[in-house]
Every structure is written in structure tokens, then in C-alpha cells.
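Report on the following structure.
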Amino acid sequence: MAGVSLAVLATAGGLVACSSTSGSESSSSASQAAGGGSYAVWDPYPQYDKSSEWVKLLEACGTQAGVKVERTSYDTSDLTNKALLAAQQGNSPDVLIVDNPVVSTLAEAGVLTTTEENKLDVSAIAPNLLAAGQSGGKTYGVPIGANTLALYYNKGVLDKAGVDIASVKDWTSLTAALEKVKGAGKKGITFSAIGTEEGSFQFLPWFWGSGAQLTKLDSAEGVSAVALWSDWLKKGYAPNSVINNTQTTSWQEFASGDFAFAENGTWQLANAKKAGFEYGIIPVPGKAGGTAPAPTGGEFVSIPVQQDTARYATSQKLVTCLTSPDNSLTTTTTLSYIAPTEAVQAKQVAATPDLKVWVDAVKAAKGRTSDDLGTKYPKISEPMWGGVQAALSGSKSPQEAMAAAQSAAASAVQ
Amino acid sequence: MAARTRSGQWAAWAFLAPVAVYLLVFYAYPLYRNVELSLRNYTVRSFVQGHAPFTGFANYIKIFGDATFGPALWHTVVFTVVSLAFQFGIGLALAVFFSRNFRLSATLRALFLVPWLLPLIVSASTWSWMLNSDSGVINVVLGAFGIDPVNWLTSPDWSLWSVTIANIWIGIPFNLVVLYSGLQGISPAIYEAAALDGAGGWQRFWKVTFPLLRPVSAITLLLGLVYTLKVFDLIWIMTKGGPSGSSTTFATWSYRLGFGNLVPSFGPGAAVGNLLIVMALIFGLIYIRVQRRQAHT
């Protein structure tokens, strides 16, 4: 009996001890924040640690708004579920930075405030970038920056094959260039057609570049985009490994120096400089020429719904600090993004002329959840990457693969 | 006297409480939540705001009618049966081999444990490098013998075999270790008697080793089955269940439904997960039954 009561005492003591420590912790952090309290910011940038420019920027914005910023970073694939769970428990962060196609999902769940509620100013943002954060006529956040896809090329390989990059203007001339490269004993093009969202992201410039719409995957245009890729594989212009490539493994193939082209994003620019060969970048060509619309990448800064609506005013200051035209240059340079406003884009090109091609690509780009697709997009995207995989692996013809994808998408969207 | 027994009972309950609470919090509740999740229609909105409508078996009907169901079931069965057969066969052969304590046998046995010790992400990534269609070492070796490269991970005809081969490699050490310790429990006197009666090597294996190893074999196979049914990380890292679903098992399908999409469908995902639990449970019950019958005879 005595033993039991001792045990109970010990547990109770433990509980008391716990609660007293956590109490002192929260009171000390509150006093540090100089009366303004602390504001939680979640971002998907675990690669930046405390000493990074990004975190310094966040802290500076906090100081400006008179509060302490508590930053937590998650892996981007983890963040959606974390945000949903936090909303379910009623402890959402004050500011949430989240990948753009996720915005419509979180908005649908009722997790995010609209710009009417949080008073964020989005008037300067390029409409094609803002569209990914809009649904039902409401806007749920501000793009912090944008990136997209383009074609990197290896100058040495093209010279050897006798290809003039200026001649690559549409699908026919690109395929002809790949043929020459293969004839010269080198490898043509690498991309990522993996069975995840990444595969759809990489396929979309070709899909949209053919003139196809996501609402009809098996249109003649859509099928022609799949046929383009599967012909490249059949003729050996692209390696079979693309079916399992992530964008990172695809980049590693290109960095080996054997490939003429690689479809990849703005974020590889720093690696391209380290690759040890001369490279160039062209936009992904449309089927009949011109620049194909590539999907936009990059995050939105949003303000999740709080019980205490008085917090929005300070959250709004924090977000404005990160995204206002004056600070956007610092933010986008820190995160190596293209700015979401034309004025800042012009400043970026003035500072780094290399970025010109990316700014053009971003201007032509399109949000995956745009065209009011919203939460329908993920239900279309999954059958689409499945269809691309079926065609590339040869288990179905492009026509059959896209017809199957369309019927799966149609029943999922209902 | 009565007071003493009562306090003794209290003490008994107090000792029981930690394990009971542990079981409830970490086993019963998650299991209950998973069943509940599979019986309701959760959308992202109802997940956050609550009030997901109860829909009975609608999620189950949905997954049974899904085009992925048939192939995923077949892949799960093939993956599990083939993995178990080879893991057990090779593991047993190695265990018998190592039971004749020769020189360096302990060192060699330790080396065979390496696959079991490596983190799965390391072994799965290594396999997927080795099996790469264009730059993988396996295709290079095949090429040296004049065999055309095989698209191990990117061909719908091969992807399931590739993940199965990798899984067999990972599972052999477990079978080896358990069966080896089972062999240690068989008295050498029986082998001696069998040898004196004129039994050859094969006869000694089939008439002595195999029957006496049956209880150990049964538990090895059961544990292997439960483990193999739920293998997820290996397949996800190597093929993501692709290309176009050709290596999708129930485990990867459940994950894809619940987490692999921007808009998660928790209900159907939980339903597929429950099917896996039921499958493992059935075999667990069969095992208990067989064991009981053995105890009777």
C-alpha cells in the first residue's frame, strides 16, 4: 500500500515538475518579445538554418512588427498534413508558407483566411502567379516568389553534334536536334516522369504547350504530348530511366555531361554553374513554336484562421514585410526565386542578366490549380502521371493511356 | 484479513495499470481510430472541422470496385509468397550450412547479417542504383555476358520482380538467425542415432531436422508474413509502386491514398490499411490453431 501511494506521489510530483518548467519557459519567451508576444511561422525550407539569410530576414521582420518570430520548418511533403492536423487541433501557426498547389486544398478545408479578412495587399502581384492562390473569387495568400521549368542545354554536346541552339524553336526542331545528338554518340534529353506530383509538374509544359486542357486529358493535343515523350524513349533520345527519375536524379544525369538537354528548374542554377561545362537555358518550346506555359513552382505566404482574430493585424505586418515590393528583392534573392511582381523582376534582371530567360518563363507560366480547377487539380494530376507512365513504359499506347487517365480523372472529380 | 486482500488487489491493479494504459493508448485507440476513419467520409474540410458523415462500408465498396484493387491484391500475394518462399528456403539452407561450425563460420554468419542491419533507406536506394536501366551495375554485368539490358524498375513486366528480389535479400538474415538458433536446439544425439541407423545426409535433413524444426519454422514464417505484407518503404523508394501501378501492393496503395496526393483521401486509405490488418490477423489465427493442435497430439 505504502509503495503505491509513493508511486502516485512520484507521478504527481513529476507532473508538477513538468508543468512548472513549461510555465517558466513560456513566461520567459513572452518577456523576451517585449510585450508583443510570439508569432509562429511555418515554412518548408529546412535547408536554411539559424545562421541563414532567410532566418535573419524573418527575425528582422519580427522585430519590425514588435514581436518575436518562432520559426518551424518542415519538409515540403510533410507540411500539408502538419497544417491540416494543426488546424484540426486548433493550433495553426500565425503565418504559413506553403507550396502553391496546396493553397486551394487548405482553403477548401477552411484553414486559411482570405485577403478580405487579413487585409493583405496583392494588387502588385502578377495575375498568372496569384491565380494559384485563388478560388471562388477569393485570394488566400501572397506568392513569396516563383520558379518554373525550362530546358538547360550543354553547349559542348550540341557543338559536337552540329546543332545550332537557335534552330530549336518547336517540337519538330527539338526532336531533330535530339536525333543529331544521338547520331553523334551522345545522349539526347533527360527529364522526370516519376509516378508522383513531380512527374505531372515536368509533363505539364509539354501538355499545355500542345494546347491541351487539363479538363480533357485525352484530347488529340494531350495525346500528342505523351506521344512526343514516348517516341523519344522508343528512339533512344531519352533514357528509359526517366520513368523513375526524380528531378534531382534527372539533374545528376545531365550533370554527368553526356546529355544535350535537361528539363529542370530555376533552383538548379547554382548547380549548373558548378557542373564544369558550358551550359545555356531556353524556355520549353510549344508544339508549334513559342514558349510553352510551364507550371509555376514556389510558395504562398498565408495567414491561417485563428480563434483570436486580433492576431491578424500583426501577422499581416509580418507577411507584408516579407512580400512588399521593397523587401521582395531581398526575399527572392535569399530563396533564389523569381519575384512575383514586374517591378522587382526588372530589378532582378538588372542585377543578374542570367535570370532574363527565367523571368520570361515565369511570365508565360501558369498555376497548376489555376483555371478555377482548385482542389480538382490533384484528382486530375494523379491519373495524368499514371497515364504518362503507362505510355512511357509501353504498357499502353499514348491514346489508350490518356483515355484511361481521362475516365479515371472524370470519375474522381465528380 | 479481508482488508489485506483488498489492498493486495489494489496493488495488483496498480501493477497492471501501466501495461493496460500502454496497450490502450498505443494499440487499442489507434486501431479504433483507423476503423472509424474507414467508416466515415472524410474530406479535407471535415477532417479539420469535424462532423465527417458516417457512411458505413462505402469506403470499402469504393476500394473493392477500384481498378487498382485486383492488381494490388495480386501483387501483394505474389510479393509475399515469393519473398517468403525464397527467404525461408535460402535462410534454412544457410542455417544448416553454418550449423556445422567450421572455421570462420561465425565471421561469415555475421557478414550475412549486414542486410538486416542496414537502414532500409540505404539498402533500397542502393538496390535502385544497381538496378538503374542505363547506369546500373547489374545491366553492365549482364552486358558483359552479352545479355540485353533489362529495364528492372521502369518496365511493368519487371518492377514487381525487382522489388521482390531486393526484399528477399533483406529477409534472408532474419530467417537465417532464427532457424540457426532453432537448429541449436536439436540434440546431436538424435542425429547420431539416425546416422547409426544408416540415414544419409538427405534423410537426416528430411526425417530429423525438418520435423523437429517445425515449431520454429512456423513462427519464422508467420513473422515473415506479417513483416512482408506491410513492406512499404522498400517499394516506395525503389519504384513508388510504378510504373503505372505495376508494383503497387496494398501497403503502397494505402499510403498513396492517404498521403501521396495533394488532396488526401483518408477514408479509403484507412480501409486498405484495415484489409492488411485483417489479412495478417487471419494468418495469426491459423498459426495459433495449428500450434494448439500440435500441443494436443
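The values are calculated or read from the model by the stated rules, or taken from the named source; none is laboratory data. What you see is a predicted model, and the numbers here were worked out from it, not measured in a lab. Note that we place each Cβ from the backbone using ideal geometry, even for glycine, and neighbour counts take in every protein chain shown.
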Only one of B:Ser123, B:Ser83 that is more than 14 Å from chain A (Cβ to nearest Cβ), in contact (Cβ under 8 Å) with a residue 12 or more places away in the chain and under 28 Å from B:Asn274 (Cβ atoms)
B:Ser83
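Is it the case that B:Arg103 is surrounded by 16 or more Cβ atoms within 10 Å (Cβ to Cβ) and modelled with pLDDT under 90?
Values: surrounded by 16 or more Cβ atoms within 10 Å (Cβ to Cβ): no; modelled with pLDDT under 90: yes.
No, not satisfied.
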Scan of segment A:186-234 for residues that are of a type outside the set (Phe, Trp, Tyr) and under 18 Å from the mean Cα position of the chain (by Cα), ordered by number
A:Ser192, A:Ala193, A:Ile194, A:Gly195, A:Thr196, A:Glu197, A:Glu198, A:Gly199, A:Ser200, A:Gln202, A:Leu204, A:Pro205
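Residues that are over 17 Å from B:Gln291 (Cβ atoms) and aliphatic (A, V, I, L, M): find the helices (runs of 4 or more DSSP H) completely inside segment B:181-248 holding 3 or more of those.
Numbers: elements: B:188-196, B:201-204, B:214-229, B:233-238.
Correct list: B:188-196, B:233-238.
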When segment A:77-103 is examined, which residues are found to be in contact (Cβ under 8 Å) with a residue 40 or more places away in the chain, facing chain B (nearest Cβ under 10 Å) and over 16 Å from A:Ile303 (Cβ atoms)?
A:Asp99, A:Pro101
Being in a loop (DSSP other than H, G, I, E, B), more than 30 Å from A:Ala313 (Cα to Cα) and either at pLDDT 90 or above or in the same structural domain as A:Ala313 (by TED's automatic domain parsing) (or both) narrows it down to one of A:Ala176, A:Ala193, so name that one.
A:Ala193
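Hey, can you tell me all the residues within segment A:377-390 that are under 20 Å from A:Ala107 (Cα atoms) and more than 9 Å from chain B (Cβ to nearest Cβ)?
Keep residues of segment A:377-390 that are under 20 Å from A:Ala107 (Cα atoms), which gives A:377-381.
A:Ile380 - this is the single residue of segment A:377-390 that is under 20 Å from A:Ala107 (Cα atoms) and more than 9 Å from chain B (Cβ to nearest Cβ).
Per-residue answers, yes or no, for (1) of a type outside the set (Val, Ile, Thr); (2) under 17 Å from the mean Cα position of the chain (by Cα); (3) not assigned by TED's automatic domain parsing to the domain that holds A:Ser324:
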{"site": "A:Ser51", "(1), (2), (3)": "yes, no, no"}
{"site": "A:Lys56", "(1), (2), (3)": "yes, no, no"}
{"site": "A:Thr63", "(1), (2), (3)": "no, no, no"}
{"site": "A:Arg71", "(1), (2), (3)": "yes, no, no"}
{"site": "A:Asp78", "(1), (2), (3)": "yes, yes, no"}
{"site": "A:Leu85", "(1), (2), (3)": "yes, no, no"}
{"site": "A:Ile97", "(1), (2), (3)": "no, yes, no"}
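Restricting to segment A:123-140, count the residues that are touching a helix residue (DSSP H, G or I) at 6+ places or on another chain (Cβ under 9 Å) and either within 29 Å of A:Ile281 (Cβ to Cβ) or basic (Lys, Arg) (or both). Walk me through how you get there before you give the answer.
From segment A:123-140, those touching a helix residue (DSSP H, G or I) at 6+ places or on another chain (Cβ under 9 Å) are A:124-126, A:128-129, A:132-136, A:138-140; that's our starting set.
Going one step further and asking which of them are either within 29 Å of A:Ile281 (Cβ to Cβ) or basic (Lys, Arg) (or both), we end up with A:124-126, A:128-129, A:132-133, A:138.
Final tally of qualifying residues: 8.
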Is it true that some residue in segment A:349-358 is outside the structural domain of A:Ser192 (by TED's automatic domain parsing), in contact with a Ser or Thr (Cβ under 7 Å, 6 or more places away or on another chain) and modelled with pLDDT of 90 or more?
yes
Qualifying positions in segment A:168-186 - under 16 Å from A:Gly257 (Cβ atoms) and crowded, with 20+ Cβ neighbours inside 10 Å:
A:Val181
With the requirement that a residue be assigned to a strand (DSSP E or B) and in contact with a Pro (Cβ under 8 Å, 6 or more places away or on another chain), what does segment A:140-170 give you?
A:Val142, A:Pro143, A:Ala146, A:Leu149, A:Ala150, A:Leu151
